[in-house]
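The values are calculated or read from the model by the stated rules, or taken from the named source; none is laboratory data. This structure is a prediction, so every number in the text was calculated from the model and none was measured. Every residue, glycine among them, receives a Cβ derived from its backbone with ideal geometry; neighbour counts consider all protein chains shown. These area figures cover heavy atoms from the full protein model, side chains too; ligands, DNA and RNA do not enter into them. Shrake-Rupley method; radii C 1.70, N 1.55, O 1.52, S 1.80 Å.
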Amino acid sequence: MRNELSAKFDQVVRGRNLIILAVSDVVLFLIANVAYGGGNQHGLRNNVSNVTWALFLIGFFLLILFGIVYLAQVIRQRVKHTRNI
């Protein structure tokens, strides 16, 4: 069970997936700012801005977390590789 979870997590934390997460995070940031506009909107525009801002923040923190995990994996692989030489 643990190996299956580790394999799935390794699939999530790949360079390509991190790039996709980063691009979608930038898009959410742009949508939140465009929807916010001058800041004096109410109703649907304000709600869209708030939701996309929250999603942006969640994506940003996930990007940081997965980036750290990815760097740890790369360092671990390099250490393992140098020990085998």
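When all protein chains stay in place, what accessible area (Å², nearest 10, 1.4 Å probe) is found for residue 65? Near enough 90 Å² of accessible area. Placing pseudo-labels 7 Å out from each Cα toward the beta carbon at residue 47 and residue 19 gives an inter-label distance of 3.7 nm.
A full extension of the chain between residue 81 and residue 61 corresponds to an added length of 4.2 nm, given 0.36 nm per residue minus the alpha carbon distance.
Per-residue surface analysis assigns residue 76 an accessible area of about 150 Å², computed on protein heavy atoms at 1.4 Å probe radius.
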